There are 2 protein chains.
Amino acid sequence: MAATHSALCKRGYAELTMQDIADESELSKSALHYHFDGKHDLLVSFLEHLLDRFEERIAAPDGEDPAERLHSLVDTMVTPPEPRSDGFQTALLEIQAQAPHDEDYRERLERFDEAFVSRLRSLVAAGVEDGTFRADVDPDEAASLLATYLKGVQMRHVAAGHSLERSAAVIHRHIDERLVAGETTVVTLE
Amino acid sequence: MAATHSALCKRGYAELTMQDIADESELSKSALHYHFDGKHDLLVSFLEHLLDRFEERIAAPDGEDPAERLHSLVDTMVTPPEPRSDGFQTALLEIQAQAPHDEDYRERLERFDEAFVSRLRSLVAAGVEDGTFRADVDPDEAASLLATYLKGVQMRHVAAGHSLERSAAVIHRHIDERLVAGETTVVTLE
């Protein structure tokens, strides 16, 4: 899995070969083929490995209350885990672009999506429950907006060079101004 | 350009060849090569052609006021132009995933991004100006949130099968509830 990670960082997805992965590991190409049917099979296992790590990373975000935990979770998504590698983020995007052609990739990518949305939803719901977030915040809507926005952050960064930090700042302010219950309140005029 | 569109719908980006494009057109492969150095050169021209059409599509969204025009613009982005083709959306995503490796693609994709954000920003600014949108809405922030969200919509649709309609509904409600000035007002408690 570490060798696959290194090889993806260096070669990207499209041109990746089993030889590239073997070169990053202590295994021969034939030993790799003993364990995996080929590049596709190996990458499906790699996605499952990433999914396990991703679920650990999002399981318990730091913070004293749901708002702080939500800000931490956003930072976790915007700042990829070390070693930070634009090459790796790009390779992941290439794999995502293959999803419509590849049911095995798609199934794993859907699990990433569902795990993340469900984590967001339960954090927002906990915050509405304990009064950290405004009572009129809908956890489904808020989670969907945040998850979709954060997908867009990666995409605009990779495809159009848009700053991760600027994108993160916008969503942090959105959380503070639109979700967090605070010194402002909404009054309906009759 | 029409032949390139058809070929991308059928074959996707990664496996596309000049022969595929020739097969969709009335030109021979050698005639295509007379006009374009190869697949990369042809696709750069195709992106420029799409950019021209995109700028026309977003130039004057329907609607009586800035809020209606903003809703129309969102619909334009969520609903691809006819003939609607998931194959084509996927091919575009594949091209976007190549952007970090390819300065020519990246430069054109940045122009799409800038054109769209700038259109959103001026619509929001017009709405703040004429009172359609709340006075505390920041056009830069709002445009960045909408543009990034809409990138994420495409990505979640292609990679994780998420419904375009549900994603669109969330952002339409966001516009109505968070941007549009209406019967609610925010009061700061002392």
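Taking +1 at the Cβ of each Lys and Arg and -1 at the Cβ of each Asp and Glu, which of A:L109, B:L27, A:L43 sits farthest along the dipole of the protein assembly as shown towards its positive end, judged by Cα position relative to the Cα centre?
Positive-most Cα among the choices belongs to B:L27.
Let me check I have the definition right: for chain B, take the eigenvalues of the Cα gyration tensor, multiply each by 5, take square roots. What are those semi-axes in whole Å, largest first? Don't skip to the answer; put the middle values down first.
Values: eigenvalues 290, 49, 40 Å².
Result for chain B: semi-axes of 38, 16, 14 Å.
When the dipole is taken about the Cα centre of the protein assembly as shown, and only Lys, Arg (+1) and Asp, Glu (-1) are charged at their Cβ, what size is it in debye, to the nearest 20? Write down the numbers at each step before the final one.
Numbers: 38 positive and 74 negative charges, 150 e Å.
Magnitude of the dipole: close to 720 debye.
Would you mind checking the tilt of helix B:164-174 against the longest principal axis of the Cα atoms of chain B, expressed as 0 to 90 degrees and rounded to 10?
Roughly 30 degrees between the two axes.
Mind grabbing the interface size between A and B? I mean buried accessible area, both sides, 1.4 Å probe, in Å² to the nearest hundred.
On the way: alone 11020 and 11030 Å², together 18070 Å².
For chain A against chain B, roughly 4000 Å² becomes buried.
What FRET efficiency comes out for the pair B:S25/A:S85, r = Cβ-Cβ distance, R0 = 35 Å, nearest 0.05? Each step should come with its number before you reach the end.
Working: r = 40 Å, r/R0 = 1.15.
That pair, B:S25 with A:S85, gives E of 0.30.
Which residue of chain B is nearest the rotation axis onto chain A, counting by its Cβ, and what is the distance in whole Å?
B:G152, 2
Give me the distance between the Cα centres of the stretch B:141-159 and the stretch A:129-185, rounded to whole Å.
For the stretch B:141-159 versus the stretch A:129-185, the Cα centre distance is 12 Å.
Would you kindly work out, in nm and rounded to one decimal, the distances from the label point of A:A126 to those of the same position in each other copy, ordered shortest first, with label points 7 Å along Cα-to-Cβ?
Spelled out, the distances from A:A126's label point are 4.4 nm.
Rounded to the nearest 500, what is chain B's calculated 222 nm mean residue ellipticity when only DSSP H runs of at least 4 contribute -39500 (n - 2.57) each, over all residues? Could the numbers behind the result be given before it?
Working: 9 runs with 131 residues, N = 190.
Theoretical 222 nm ellipticity from helices: -22500 deg cm²/dmol.
Once you place label points 7 Å from the Cα toward the Cβ at B:E165 and B:H33, how far apart are they in nm?
So the two model labels end up 4.8 nm from each other.
Could you size up the charge dipole of the stretch B:38-156 around its Cα centre, putting +1 on the beta carbon of Lys and Arg and -1 on that of Asp and Glu, and report it in debye to the nearest 20? Let's see the in-between values first.
On the way: 13 positive and 26 negative charges, 77 e Å.
Computed about the Cα centre, the dipole is about 380 debye.
Of B:F133, A:G152, A:A3, whose Cα points farthest to the positive end of the dipole of the protein assembly as shown (charges on the beta-carbon: +1 Lys, Arg; -1 Asp, Glu; origin at the Cα centre)?
A:A3
Indicate the residues belonging to the stretch A:106-126 that lose 40 Å² or more of solvent-accessible heavy-atom surface (probe 1.4 Å) upon moving from the chain alone to the assembly of all protein chains, ignoring ligands and nucleic acids.
A:D113
In terms of the Cα gyration tensor, with a ≥ b ≥ c the square roots of its eigenvalues, is the stretch B:58-130 rounded because a/c is under 1.5, prolate because a/b exceeds b/c, or oblate?
Details: a/c = 3.96, a/b = 1.65, b/c = 2.40.
Taking the square roots of the gyration eigenvalues as a ≥ b ≥ c, the stretch B:58-130 is oblate.
Rounded if a/c is under 1.5, else prolate if a/b is larger than b/c, else oblate: which is the protein assembly as shown, with a ≥ b ≥ c the root eigenvalues of its Cα gyration tensor?
oblate
The values are calculated or read from the model by the stated rules, or taken from the named source; none is laboratory data. Computed from a predicted structure; not experimentally measured. Glycine also receives a Cβ, built like all others from the backbone with ideal geometry; neighbour counts cover every protein chain displayed. To get the accessible areas, we keep the full protein, side chains included, count just its heavy atoms, and leave off ligands, DNA and RNA. Shrake-Rupley method; radii C 1.70, N 1.55, O 1.52, S 1.80 Å.
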